[in-house]
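Colleague: Input: one structure, supplied below.
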Amino acid sequence: MRHFYSNQVNLVEIVNTISPTIISLNELGTVVPAKTIEQLLFSCNVYVKEGTNYHGGVVLATDKKLKCQPISIDEPNIVAVRVIIEDQLFIVASIYSPPTEALPLATMTTLLNESRNLILARDFNAKQLNWKCTQVNTKGRILST
């Protein structure tokens, strides 16, 4: 979900209807204080990372019943956690890559090297004809190879 403030009602409806275990929010649309998100998603542990532009910022919210450990990533627009499910390690990351910035390939590779069970919830702003986009951009070319 993107644009936090304009979609709060939808977010609450989804949480109340589906009860997701993990929630990813990409491209928040503005700086949103962690406390605001924590109050809305009070049944979750909330991990927030600010962005590099006015659209950016990412959030991961995990059910408090999950065994999670935040991963220290010194990079904006990326937040990740380690999750243990049935004795298996998973890495879950929320990533936003603004249109004018390069893909965070080094960080994604580091996460993949930590666990092959990698789940990326992302908005890469990548365009590729195979994805039914009307145009192709550099990010789309990189990801499609």
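The values are calculated or read from the model by the stated rules, or taken from the named source; none is laboratory data. Keep in mind that this is a model prediction, so the values were computed, not measured. Note: ideal-geometry Cβ built from the backbone for every residue, glycine included; neighbour counts use all protein chains shown.
Colleague: Take the residues in the range 74-87 that are in contact with a Pro (Cβ under 9 Å, 6 or more places away or on another chain) and of a type in the set (A, V, I, L, M); name whichever of them is farthest from TYR54 (Cα to Cα). Even if it seems obvious, please write down each step before you answer.
Modeller: Quick first cut of the range 74-87, residues in contact with a Pro (Cβ under 9 Å, 6 or more places away or on another chain) only: 75, 77-82.
Those still in the list that are of a type in the set (A, V, I, L, M) too: 78-81.
On the way: ILE78: 15, VAL79: 17, ALA80: 21, VAL81: 24 Å.
Per the criteria, the residue is VAL81.
Colleague: Can you confirm whether the range 61-73 contains a residue that is within 17 Å of ARG2 (Cα to Cα), buried (at least 18 other Cβ atoms within 10 Å of the Cβ) and in contact with a strand residue (DSSP E or B) (Cβ under 9 Å, 6 or more places away or on another chain)?
Modeller: Initial filter on the range 61-73 (within 17 Å of ARG2 (Cα to Cα)): 61.
Those left that are additionally buried (at least 18 other Cβ atoms within 10 Å of the Cβ): 61.
With in contact with a strand residue (DSSP E or B) (Cβ under 9 Å, 6 or more places away or on another chain) added as a condition, the list becomes 61.
Yes, that holds for at least one residue.
Colleague: Mind checking whether some residue in the range 6-20 is β-branched (Val, Ile, Thr) and farther than 28 Å from LEU89 by Cα? Full working, then the answer.
Modeller: Keep residues of the range 6-20 that are β-branched (Val, Ile, Thr), which gives 9, 12, 14-15, 17-18.
Those still in the list that are farther than 28 Å from LEU89 by Cα too: 9, 12.
Taking every residue of the range 6-20 in turn, at least one turns out to be β-branched (Val, Ile, Thr) and farther than 28 Å from LEU89 by Cα.
Okay, residues lined up against (1) of a type in the set (Gly, Ala, Ser); (2) farther than 26 Å from PRO98 by Cα; (3) modelled with pLDDT of 95 or more; (4) under 17 Å from the mean Cα position of the chain (by Cα):
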position	(1), (2), (3), (4)
ASN7	no, no, no, yes
VAL15	no, yes, no, yes
ILE23	no, no, yes, yes
VAL32	no, no, no, yes
LEU60	no, no, yes, yes
LYS67	no, yes, no, no
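Colleague: For the range 97-136, what are the residues that are among the hydroxyl-bearing types (Ser, Thr, Tyr) and either part of a loop (DSSP other than H, G, I, E, B) or touching a His at 6+ places or on another chain (Cβ under 7 Å) (or both)?
Modeller: Start the filter on the range 97-136 by keeping residues that are among the hydroxyl-bearing types (Ser, Thr, Tyr), which leaves 97, 100, 107, 109-110, 115, 134.
Result: SER97, THR100, SER115, THR134.
Colleague: Within the range 118-141, does at least one residue satisfy the condition of being surrounded by 12 or more Cβ atoms within 10 Å (Cβ to Cβ), within 18 Å of VAL58 (Cβ to Cβ) and β-branched (Val, Ile, Thr)? Working first, answer last.
Modeller: Keep residues of the range 118-141 that are surrounded by 12 or more Cβ atoms within 10 Å (Cβ to Cβ), which gives 118-128, 133, 136-137, 139-141.
Adding the requirement that they be within 18 Å of VAL58 (Cβ to Cβ) leaves 118-126, 139.
Filter once more, so that each one left must be β-branched (Val, Ile, Thr): 119.
Yes, because at least one residue in the range 118-141 is surrounded by 12 or more Cβ atoms within 10 Å (Cβ to Cβ), within 18 Å of VAL58 (Cβ to Cβ) and β-branched (Val, Ile, Thr).
Colleague: List, please: which pairs have Cβ atoms under 6 Å, are six or more places apart or on different chains, and start with a residue in the range 122-145 that is within 20 Å of GLU27 (Cβ to Cβ) and end with one that is loosely packed, with under 12 Cβ neighbours inside 10 Å?
Modeller: Sorted first by the residue in the range 122-145, then by its partner, the pairs are LYS127/GLN135.
Colleague: Further question: Pick from the range 83-97 the residues that are crowded, with 17+ Cβ neighbours inside 10 Å and more than 13 Å from the chain's Cα centre (by Cα): which of them is farthest from VAL59 (Cα to Cα)? Show your work before the answer.
Modeller: To start, the set of residues in the range 83-97 that are crowded, with 17+ Cβ neighbours inside 10 Å comprises 83, 90-97.
Add one more test, that the residue is more than 13 Å from the chain's Cα centre (by Cα), and what stays is 83, 90.
Values: VAL83: 16, PHE90: 17 Å.
Top of the filtered list is PHE90.
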